[in-house]
Amino acid sequence: MTPALIAVALAAAQAGAQDPAAMRGELERARAEIAAQRRQIDAQEARLRALEARIAGSAPTPATPPATAPAAVARAGTASTPSDPATIAQATIPTPVAPIAVGQRPADRERPPEVAVLGQEGSIVTRRGQLTAEMQFDYARADRNRALFRGLEIVESVLVGAFNINESRQDILTGSAAARYGLTDRLELGVRLPFVHRADNSVLVPVQGSTNNDGAREVNTSAKGTGIGDLELSARYQIATARGGLPFLVGNLQVVAPTGTNPFSVPRINGEATEAATGAGFWGVSPSLTAILPSDPAVLFGTVGYTRNFGRSVSTVIDPVRITYVKPGDALSFSAGIGLALNERTSLNLGYAHTWAFGTLTRTELLDPGPTNPGPSEARSRDLQIGRLLLGVTYRVTDRASVNWSLEAGVTEDAPDMRTVLRIPILLLSPR
C-alpha cells in the first residue's frame, strides 16, 4: 500500500464515523496524485535513457529545461495535493525527448550546412533578397627551372646544338572585390573584379662549351605589371536538396571577360615583354556542378567542371615570327574534400583539386619567309596537369561576417608552388 493510501486509511480510522462519500473523494484524489507521480517518474526515466544513449554515442546533449512543476510535486509527496487543474496538467505532461542513434542518417535539409567549401564555389546559395559583399586577397608564387636544348639529336644521347638553363620566377598579388545577390532562395548572381600586381623574372644561362661563343653571358629579364584583372561574372542555382541520403546539388556558371591587360598588347623590346600582363586576354566560360553531402559533424563535397576558352586573332611579333592566332586549350577540372565543424564558429577544410588543361593552339608566320617554309605554320603545346592540395579554415566572427583562409600547395610540375587566399564575406542586406 502506498503512503498516500496509508495516510487516507489512518485518517478514516481516526475519523470513525466519517461520511463514506467524503472518504471516497479522498481516495479518488489520492489515486489521481499517485497516477500523476507515476507519469512523472516515467518521463524522468525516459530522459535518463535518452541521456545514456547520447553519452554512449558521443553525441552533443542539449540542455534540458528545468521541470519546476513536476519537481515540486515530486518533492511534496503526499503532504499536499495540487488543487489547481492547470498545475496538475502541467505536472503530468512529460517533455518529449528523441534519442539519436549512432550512425543515424541526418534529417532532410532544405539548405546546405554553413561549412565553407574550398574553391570558388561556396556551400551556401545566397537567400532571396540578401546581398553579400566579399573582399579577397591572394598571393601566388611559381618557380620553374628548365634545361633547354636547341639543336639536332643525331643518335640517342648525342646532341649537337646549344644548351641553356632557364629559371623563371613569378609572383602574383591580387586584391578583389565581389558581390553576391540572391534573386530567389535557389538562384544567386555574382560579380568579382580583381586588381592585380604581377612580377616576372627570367634568367637564361648558356652552358659553357655548348656553343661556339663561350663568352655569352646570362640574360636576365624582368617585367612588372599593375592594374585591373579579368572581370568574373557568376550564377549559381541549387538544383536539389539533401533528401533520402542524397547530396545537395548546386550548378555553377562562370564567365570571364578579358578586361585586364592581355599578353599580346604589352610593350616589347626584341620580342621580350617589358611589362607583365594582368589578364589572360581571352573570353572563357566555365560550367560546373558541386555536390555537398552532410554527414554530421562533417560535410563531404566535390566539384567537377569544364572550361571553354575562345581563341582570337592577334598580331604580335616575337622574332623571327609573327603570331597571328591563339586558342588557349580547354580544361577539365575536379576537386573533392571534407569540411569538419570544430564548434559553432570554426570549421576546418581539407581537399584536393586537379585541372587537366589541353594544349594551346598557335598560328605563326615567318617575318622573312624562305622557299622551304613560305607559308604560315600551326603548333600546339603540350597538355598541363595541375594538381593542388587544399587546406582551409573558416571562422564566423558574427552572424553577418566570417573569415576564410585557404592554402594551396602544388603537387605537379605544372602547378604553382604555393597560393594562399584570404576571403572576408560580409552580409550587407537582409530582408529579415
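Would you order 296, 330 from fewest to most other beta-carbon atoms within 10 Å of each residue's own beta-carbon?
Starting with the residue having the fewest Cβ neighbours, the order is 296, 330.
Each residue of region 332-349 in order: what ³J(HN,Hα) in whole Hz does its phi give by Karplus 6.51 cos²θ - 1.76 cosθ + 1.60, θ = phi - 60°, with x for Gly and Pro?
For region 332-349, the Karplus-derived couplings read 9, 9, 8, 8, 8, x, 9, x, 10, 7, 6, 7, 5, 10, 10, 9, 10, 10 Hz, x marking Gly and Pro.
For residue 316, what is the net charge nearby, where nearby means another residue's Cβ is under 14 Å from its Cβ and Lys, Arg count +1, Asp, Glu -1?
After counting each charged neighbour, the total is 0.
Using modelled backbone amide H atoms (1.01 Å from N, in-plane), which distant-in-sequence or interchain residues come within less than 5 Å of residue 316's amide H?
Close amide H contacts, sequence-distant or interchain: 323.
Check residue 242: other-chain or 5+ apart residues with amide H under 5 Å from its amide H, H built from backbone geometry?
109, 248
Which far-off residues, 5 or more places away or on another chain, put their amide H under 5 Å from the one on residue 415, with H placed in the peptide plane?
387
Could you work out how much longer the chain between residue 332 and residue 191 gets when fully extended? Use 0.36 nm per residue separation minus the Cα distance between them, nm to one decimal.
48.5 nm
From the phi of every residue in region 129-143, what ³J(HN,Hα) in whole Hz does the Karplus formula 6.51 cos²θ - 1.76 cosθ + 1.60 yield, where θ is phi - 60° and glycine or proline is x?
Calculated HN-Hα couplings, in order: x, 8, 10, 10, 9, 9, 9, 9, 10, 9, 10, 10, 10, 9, 10 Hz.
Here, each number is a calculation from the coordinates, and none is a lab measurement. Treat the numbers as computed from the prediction; the structure is a model and nothing was measured. Don't worry about glycine lacking a Cβ; one is built from the backbone with ideal geometry, like all the others, and counts go over all protein chains shown.
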